[in-house]
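Participant: Okay, here's the structure, questions in a sec.
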Amino acid sequence: MRSMDVAEDHVIGKLLNEPYKDFGVHEGDTIPFGIVKDGEDYVCVYIGEE
């Protein structure tokens, strides 16, 4: 994932490789995601279509 733009409540990123499983997105797709805290860590979470 490469961050391309930052909005008020999410980030837009471009997938740099093909996902290992079929999530309905592919290498080169641009998707919105959020960053959430999971315990001590932060993770990126797909938030759906814009």
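Participant: Report in % the part of the accessible area of the chain that belongs to carbon and sulfur, leaving out ligands and nucleic acids; probe 1.4 Å.
Facilitator: The value for the chain is 49 percent carbon and sulfur by accessible area.
Participant: Let me ask something else. Given Cβ point charges of +1 (Lys, Arg) and -1 (Asp, Glu) and nothing else, what value in debye, to the nearest 20, does the dipole of the chain about its Cα centre take?
Facilitator: The dipole of the chain has a size of about 140 debye.
Participant: With θ set to phi - 60° and the Karplus curve 6.51 cos²θ - 1.76 cosθ + 1.60, what are the ³J(HN,Hα) couplings of the range 3-15 in order, to the nearest whole Hz, using x for Gly and Pro?
Facilitator: Once θ is set to phi - 60°, the couplings for the range 3-15 become 5, 10, 7, 10, 9, 4, 10, 7, 10, 9, x, 10, 5 Hz.
Participant: Can you give the extra length, in nm with one decimal, that the chain gains between Ser3 and Lys37 once fully stretched, where that is 0.36 nm per residue apart less the Cα-Cα distance?
Facilitator: Taking 0.36 nm per residue and subtracting the Cα distance, the gain is 10.4 nm.
Participant: State in Å² the accessible area per residue of the chain; use a 1.4 Å probe, count heavy atoms of protein chains only, and round to the nearest integer.
Facilitator: 84 Å²
Participant: How would you classify the chain from its alpha-carbon gyration tensor, with a ≥ b ≥ c the square roots of the eigenvalues: rounded for a/c under 1.5, else prolate if a/b is greater than b/c, otherwise oblate?
Facilitator: Oblate, since a/c reaches 1.5 and b/c is not below a/b.
Participant: Which of Glu40, Glu27, Glu18 ends up with the largest GNM mean-square fluctuation for the chain, with Cα atoms connected below 10 Å?
Facilitator: Answer for the Gaussian network model of the chain: Glu40.
The values are calculated or read from the model by the stated rules, or taken from the named source; none is laboratory data. Please read all numbers here as calculations on a predicted model, not as lab measurements. For neighbour counting, all protein chains shown are included, and Cβ atoms are generated from backbone atoms with ideal geometry for every residue, glycine included. For accessibility, only protein heavy atoms count, side chains too; no ligands or nucleic acids. Shrake-Rupley method; radii C 1.70, N 1.55, O 1.52, S 1.80 Å.
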